[in-house]
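Colleague: Could you have a look at this structure, given as structure tokens, before my questions?
A short reminder: the numbers here are calculations on the coordinates, not readings from a lab. None of the values given here were measured: they were computed from a predicted structure. Cβ: placed from backbone, ideal geometry, glycine included. Neighbour counts: every protein chain shown.
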Amino acid sequence: MGGDVLLPPGSTLAKICLTTVAQALAICASDKLEIDRSNIGAEYRAAQTDKGRSGAEVDVYLYDTTPGGAGFVKAAVTDPEAILRQAIDLLEGCDCESSCYKCLRSYGNRFLHQDLDRELGAALLKHVLGEQERPRLDKKTEAQLLKTIAVDLRDMDHEVVQNDGCLIITSMGDRQIVLSHSLMPRLPSTPEAEAAYSAGRNNAAPIDHLRVKRALPSAIDMCVTTVGSRPSADAPLPAGLGRSDTGIKMHSFDTLSEGCGKGIASAGITIPDHQPSSIFLLEIEGPQLEKAKFKVDGKDVPLASGAVIVFERLNEAASQGLHDGRLRLVHSSENAFKATKTRVTLAMCKWAEFDGRISVRLQYQSTSSKATPQKVAPESLTIIGRPIGVVRRGVFHPVKLP
Ligand SMILES: [Zn+2]
């Protein structure tokens, strides 16, 4: 994939895009031979290369479902580029919102229906074929999604005005909300959004459209939270803080993975009894802890994808006392963790001794098969953070996380 388009391994975005593309290709291949769709299966995996590990390269492949292979795939795919173009036609040729029985759905792929999204699949294929370097939203979709956000904000007693390509929350100092296409999450999604964004003085970070479609509460959180807003250019920041085009840099597992999270710090949030330079933020991106809960205002809130956790910076070697089964942000000097595919992960750490060999057991609270418990050597592990709270609706909540 070229340009800035990345499919973070294990992300919902990657799952939806690749499941959709794989299913569309299988359908086109079997339709071409006029055989039943159950004869050709499709899968995907990260390419076994450095680019694959970073999310820039992926393999999507078709296979004959009959044992031994009936030769259908070989017969159907004589021209790979042609079948990619047919898949685009299939994906763009329907008028449903995400997928339906006219385009992608069948009884055979019923377990995948929730992961099928025509628009994302088509955008990815057009990008791969060089037809659309920069995926964008169409104006109608953008307006609908902005309206969805506006309804929720008004339910929270905010005053909101919807303009071309943006929302203005007048009750929050004219804070401006624009959307981005999920395949290019940092850039405003349409020329109108771009114009509004470059003129706006109080922008929230662009909100990616899949978040609005699939995780609306977290999108609403981003609208009203101070995190991600563009600070005025001369606002003092603690040393080591990266400033991106869109505002204060929020960390992800990827950005912390290099260099053991050195120089991490964040601003825009004041926490009693803590040095600002010892505090940083992490947005959870993948399935790891969606079963873990914390309490805000008496309500249990899951640590699902999109949750923003506030950390106190630590730099401790792994030793027995620290591995008390509590949640820690850890860095490995050896390998990427299975759960994040990066050298940083968040997990419950437990000291384990078996047959005289010592290891640290990392436990996730997840339903995902990617987040199965993992044992690692203590000498490769550094604890880089301790969670002290979460950010919700722009407010810091101190919490005791599990
Ligand atoms: Zn359809």
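Colleague: Let me check I've understood the local charge: for L314, count other residues with C-beta under 9 angstrom from its C-beta, Lys and Arg +1, Asp and Glu -1. What total comes out?
Modeller: On the way: positive: R313, R328, R386; negative: E312, E316.
The answer is +1.
Colleague: Give the share of C-alpha pairs in each 5 angstrom bin for the stretch 1-138, from 0 to the last occupied bin, in whole percents, shortest bins first.
Modeller: Bins of 5 Å from zero give 2, 10, 20, 24, 21, 14, 7, 1, 0 percent of pairs.
Colleague: Summing +1 for each Lys or Arg and -1 for each Asp or Glu, what net charge is found among the other residues whose Cβ lies under 10 Å from the Cβ of R386?
Modeller: Net charge around R386: +1.
Colleague: In what sequence, highest mean first, do 70-81, 342-353 appear when ranked by Cβ atoms within 10 angstrom?
Modeller: Values: 70-81: 13.6, 342-353: 20.9.
Most protected by this proxy first, the peptides run 342-353, 70-81.
Colleague: By average Cβ neighbour count within 10 Å, what is the ranking of 150-163, 131-144, 25-38 from highest down?
Modeller: Top to bottom by mean Cβ count within 10 Å: 25-38, 131-144, 150-163.
Colleague: Please state, to two decimals, what the Cα-based radius of gyration of the stretch 1-66 comes to when divided by 2.2 N^0.38 Å (N = residues).
Modeller: Rg over 2.2 N^0.38 Å, computed on Cα atoms: 1.23.
Colleague: Now for a separate question. Ranked by Cβ crowding within 10 angstrom, fewest neighbours first, how are T382, T190, T148 ordered?
Modeller: Lowest count first: T148, T382, T190.
Colleague: Tell me, V296, V224 in order of fewest to most beta-carbon neighbours within 10 Å?
Modeller: V296, V224
Colleague: Under a Cβ-Cβ cut-off of 10 Å, what is the net charge of the residues other than V58 that fall near it, where Lys and Arg count +1 and Asp and Glu count -1? Provide the component values of the computation, followed by the final result.
Modeller: Details: positive: R45, K51; negative: E57, D59.
Net local charge, V58 excluded: 0.
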